[in-house]
Every structure is written in structure tokens, then in C-alpha cells.
Amino acid sequence: MDDFREAYHRELALALDITDGVTDGEDQLPEGWALRKPVAAETPGMTRLLAAHQERVLGTSRAAWMDVDDKVLGRGAEFRFHRIAKDADGEIRGWVSVADRAVHRVLVDIHLDPAVVAGELPGVDAAALWQALMAWGRGAAQRVAQRRGVSSAVLDSSPYAEDPFTLGMLERAGFHKARTWWQMRRPVAPEEADPEVLGPPKEGLVVRMVDQNTSGRLPNEEDLRAVHAALEDAFQDHFDSHPEPFLEFVSRLREDRAHRWDHWWLAELAEDGTIAGAVISAAILDDGDLQEQLRRAEEGLQQEVPTAIGTYIEYIGVTRAARGRGAAKGLLHAVIRDAAERGREFVDLEVDADSPTGAQEIYSSMGWRTKYVTETWHATLTVD
């Protein structure tokens with residue numbers, strides 16, 4: 001059955017590509033180059049490109065082949081669209097991805113081969129190649145917005161703050177910097193698995209994992225809806241918040257292979273059971289040596305079972321009515337304690353550097369430190 005599902009998702013990703021027929025940018029490529037939809041055999045090359053891009057900017061890479069393959073041809077790929085730029089020798093030199101993130105919001109990101117950015121390929125202009133990929137990205141975003149039935153959308157790109165080439169190209173393309181994000185990490189000590197080390201939640205507050213249900217299917221739907229409602233309420237006054245229907249929300253989170261239902265928690269007021277906040281986290285997976293991953297992928301071999309080495313906090317929010325009751329710290333302690341119990345090394349999260357709730361101060365006071373910085377850049381897309 002798992003083999004069938006994998007094949008089904010791959011076929012679906014290819015069959016439901018609403019960007020088929022978008023040719024924007026193709027005439028801007030160097031002679032002999034091609035812009036094409038990737039196939040399964042090309043995801044290892046796309047992984048190499050992503051890893052090289054990260055190493056150029058950050059000095060290290062977090063790329064994993066399974067993550068790239070999932071985004072291109074795996075679960076949820078019908079909401080993500082990709083094109084790769086291949087040179088005359090068939091080498092992948094660029095990659096543009098477009099994702100339907102929410103109503104009125106389309107994600108678009110571009111990665112180039114560092115050799116292109118460094119000007120090491122004769123006759124190839126990095127800026128011109130980036131612009132060709134962005135032209136296709138805008139055309140694809142038009143299709144996404146049309147499917148949503150909206151007349152305008154926000155193009156959302158997330159470059160690293162230490163990538164001056166991409167930042168400069170986004171500015172030239174009419175984008176503006178909208179936000180700065182700190183990518184933070186907190187080490188986890190084994191002794192923090194002891195409930196006495198971090199202490200209980202603040203008096204009057206109960207923090208619990210969502211009811212996992214014993215049916216082996218989804219957890220208790222009432223709890224899942226409570227998490228969704230709490231986060232929707234919490235983020236109403238946050239940057240770039242867009243309402244997301246419950247089923248779309250749950251489906252999107254389940255697409256990630258690092259998703260775990262037993263990483264969802266709720267905070268409740270003890271006096272009446274009112275939901276005060278929620279947190280959703282996921283496992284951070286170590287897939288082993290990247291070159292070994294790519295060898296296995298190219299030879300059609302099964303990948304090694306990844307190891308969960310950390311926990312990533314995807315969402316944490318406190319309802320506006322319950323702020324100041326200790327819910328945020330109680331939820332964070334639940335995640336840290338759980339990570340320690342599982343033998344994980346750290347807990348990562350992303351925080352808005354200008355959070356209206358001062359979340360960054362809470363994280364810093366609890367031991368989180370910034371690893372690197374990303375930014376959000378926006379441009380308005382008017383739908384034809």
C-alpha cells in the first residue's frame with residue numbers, strides 16, 4: 001500500500017501541474033539552455049544545487065534528498081510547482097519553486113549554482129538567469145492565484161539575510177523587505193526530562209498533549225480543532241497572517257515527513273477548561289551523509305532510516321484573552337521536556353524579530369540563541 005501511495009502522489013504531482021503551458025522566461029535563457037519540469041531522476045541534482053547554495057551563503061548545508069524529493073514529487077506536491085534551468089550539457093544550474101501557501105499568498109524562491117553567481121561560466125550572466133527564473137515564477141503564481149479565484153496576491157520570498165546577490169535581485173525585481181526572522185536553537189539537557197527541573201506550569205494553567213485517540217487514525221478531532229482555533233486567534237495581530245481553513249491547515253502539516261501527532265500540545269485554563277494556547281512541533285531528522293543519500297537515490301536503493309536529533313517548533317501561540325497567564329512558557333517547557341525524554345539534542349524555532357508580543361525576549365531568556373537570519377520579501381501580483 002505504501003508503494004502504491006508513493007506512486008500515486010508522484011503521478012498526481014505530474015498530472016495536476018496547473019503551470020503546464022507557462023513559458024515565461026524561457027526566451028531569456030542562454031543559448032542551448034532549457035527550462036523544464038523536473039522528473040524523479042533529477043531530484044538528486046536539485047538536492048546538490050540546494051546544498052551548494054546553502055554552503056555558499058551559510059558555510060554549511062541542511063539539505064536532505066528526501067525533503068527535496070517530497071517537495072517535487074511527494075505528498076502535497078500538487079500545491080508546489082518547479083522548473084529547473086539546465087545548461088547545454090544537461091547540468092542543473094538553477095531552480096525556481098512556487099507554492100500555493102494560502103489565499104492571496106504565493107511563495108516563490110530561486111536557487112542558483114554558486115558557479116553561476118561567481119561568474120565562473122563563460123557567457124552566462126547570473127542576474128539574467130535569475131530574472132528568467134523569476135519571470136517563470138510570476139507566470140506560475142498567476143495560475144495559482146487564478147485557481148484561488150483572487151484578483152491579486154502577495155509574492156513571498158524568503159532569502160537568507162547573508163545572501164547579498166539574492167537580496168539585490170529581489171529589490172531589482174520590485175520586491176521590498178517586509179520582515180526579519182531569527183532562526184534560533186536551544187540545547188536540551190538530559191536532566192530536563194525530570195518534571196522537577198523545569199517545574200510545573202503556572203498556577204491555574206494545564207498543559208497537555210492533544211488526545212492521541214486509540215483508533216490509530218487521526219487524534220481527537222475536537223483537540224485538533226482547538227489547536228487550529230487557538231493559533232488562528234493568536235496570530236490575528238501578527239505579520240502576514242492569513243486565515244486558513246481547518247482541513248487545509250491539517251493537510252498541509254501532514255505533508256511534512258517530520259510531522260508527528262504526538263508533538264501537538266494545548267494549554268488550558270484550569271478554572272473552566274478554556275483553551276489558552278497551543279504549540280505544534282516536529283522532529284528534526286538526520287538522514288546521514290548527503291553523498292550517501294544521493295548515491296542511494298541515483299541507484300534506486302532504499303534510504304537509511306533517519307534519526308530524530310532535535311525538535312522544531314513550527315507554531316506556538318497564546319490566545320489574546322489568555323496572554324499573561326504563563327501559557328507560552330508552559331508550552332515551551334512541554335516541548336523541551338518532551339525533547340529531553342526522547343534523547344534529542346536541541347529545540348529549534350523561528351521568531352519574528354519585531355514580534356508584537358515580544359516573543360523573542362521570552363526565547364532569549366530561556367536559552368535560545370540565533371543560528372542564522374532569514375528575511376521575508378514581498379511583491380504585489382495583479383492577476384490577469
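The values are calculated or read from the model by the stated rules, or taken from the named source; none is laboratory data. Just so we're clear, the structure is a prediction, and the values are computed from it rather than from any experiment. Every residue, glycine as well, gets a Cβ built from its backbone with ideal geometry; the counts of neighbours run over all protein chains shown.
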So in region 200-221, with the set limited to residues that are out of contact with any helix residue (DSSP H, G or I) (no Cβ under 7 Å at 6 or more places or on another chain) and at pLDDT 95 or above, which one is surrounded by the fewest Cβ atoms within 10 Å (Cβ to Cβ)? 208
Residue pairs qualifying under the 8 Å Cβ cut-off, at least six apart or on distinct chains, with the first in region 159-170 being within 14 Å of residue 56 (Cα to Cα) and the second being surrounded by fewer than 16 Cβ atoms within 10 Å (Cβ to Cβ) and among the hydrophobic types (A, V, I, L, M, F, W, C), are 160/58; 160/373; 161/373; 162/58; 162/373
Condition first: outside the structural domain of residue 254 (by TED's automatic domain parsing), under 18 Å from residue 249 (Cα atoms), in contact (Cβ under 8 Å) with a residue 40 or more places away in the chain and surrounded by fewer than 24 Cβ atoms within 10 Å (Cβ to Cβ). Can you find one or more residues in region 106-118 that meet it? yes
Restricting to region 317-344, what's the tally of residues that are in contact (Cβ under 8 Å) with a residue 60 or more places away in the chain, outside any helix (DSSP H, G or I) and within 29 Å of residue 204 (Cβ to Cβ)? 5
Count - residues of region 351-366 that are surrounded by 15 or more Cβ atoms within 10 Å (Cβ to Cβ) and outside any helix (DSSP H, G or I): 5
Condition first: in a loop (DSSP other than H, G, I, E, B), small (Gly, Ala, Ser) and over 30 Å from residue 342 (Cβ atoms). Now tell me which residues in region 146-191 satisfy that. 149, 151, 161, 173, 174
Within region 126-147, is there a residue that is outside the structural domain of residue 365 (by TED's automatic domain parsing) and without any contact (Cβ under 8 Å) to a residue 12 or more places away in the chain? no
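With the condition being of a type in the set (Val, Ile, Thr) and either more than 25 Å from residue 289 (Cα to Cα) or modelled with pLDDT of 95 or more (or both), I'd like the strands (runs of 3 or more DSSP E) fully within region 1-116 carrying at least 1 qualifying residues.
Once the strands (runs of 3 or more DSSP E) in region 1-116 are filtered for at least 1 residues that are of a type in the set (Val, Ile, Thr) and either more than 25 Å from residue 289 (Cα to Cα) or modelled with pLDDT of 95 or more (or both), what remains is 80-86, 92-102, 105-112.
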